[in-house]
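As structure tokens, the structure follows; a few thoughts come after it.
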Amino acid sequence: MAINIKNEETVQVVKRLAEKLQASYTAAIRVAVEAALQTPTKTIEQRKLQRVEQLVTDYQANLPKSHNMNTDILYDENGLFR
């Protein structure tokens, strides 16, 4: 089975890894894939959620001190939205 990589950035990264390992492109790809398979990965949805959470955290950290985040005015005494 042959694999044809048509993405130039990917080819360059494989070349760099092969040089670093002093190995063939095939060996470099195998080493990288085996390492990736042994590393726990997050789903795309988990990565997106993490990114959104980070954006919210960054946004809140950069709000001016005068910005009031008090949400009490949004709810009545029963906890219902006004």
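The values are calculated or read from the model by the stated rules, or taken from the named source; none is laboratory data. Please read these numbers as outputs of a predicted model, since none were measured by experiment. Quick reminder, even Gly has a Cβ in these numbers, built from the backbone with ideal geometry, and neighbours come from all protein chains shown.
Things worth noting here:
- Qualifying residue in segment 26-42 (condition: in a loop (DSSP other than H, G, I, E, B), at pLDDT below 90, under 27 Å from the mean Cα position of the chain (by Cα) and charged (D, E, K, R)): yes
Table: residues versus (1) of a type outside the set (D, E, K, R); (2) touching a residue at least 60 places away in the same chain (Cβ under 8 Å); (3) in contact with a helix residue (DSSP H, G or I) (Cβ under 8 Å, 6 or more places away or on another chain).
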position	(1), (2), (3)
Lys15	no, no, yes
Ala32	yes, no, yes
Thr43	yes, no, no
Arg51	no, no, no
Tyr59	yes, no, no
Leu63	yes, no, no
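- Scanning segment 52-82 for residues that are part of a helix (DSSP H, G or I), among the charged types (D, E, K, R) and exposed (fewer than 10 other Cβ atoms within 10 Å of the Cβ) yields Asp58, Asp72.
- For Lys6, the conditions (1) among the basic types (Lys, Arg); (2) surrounded by 10 or more Cβ atoms within 10 Å (Cβ to Cβ); (3) more than 22 Å from the chain's Cα centre (by Cα) are fulfilled apart from (2).
- Taken together, the residues in segment 14-33 that are over 19 Å from Asn4 (Cβ atoms) and either charged (D, E, K, R) or in contact with a Pro (Cβ under 7 Å, 6 or more places away or on another chain) (or both) amount to 3.
- When Lys48 is tested against (1) surrounded by 10 or more Cβ atoms within 10 Å (Cβ to Cβ); (2) modelled with pLDDT under 90, exactly one condition is not met: (2).
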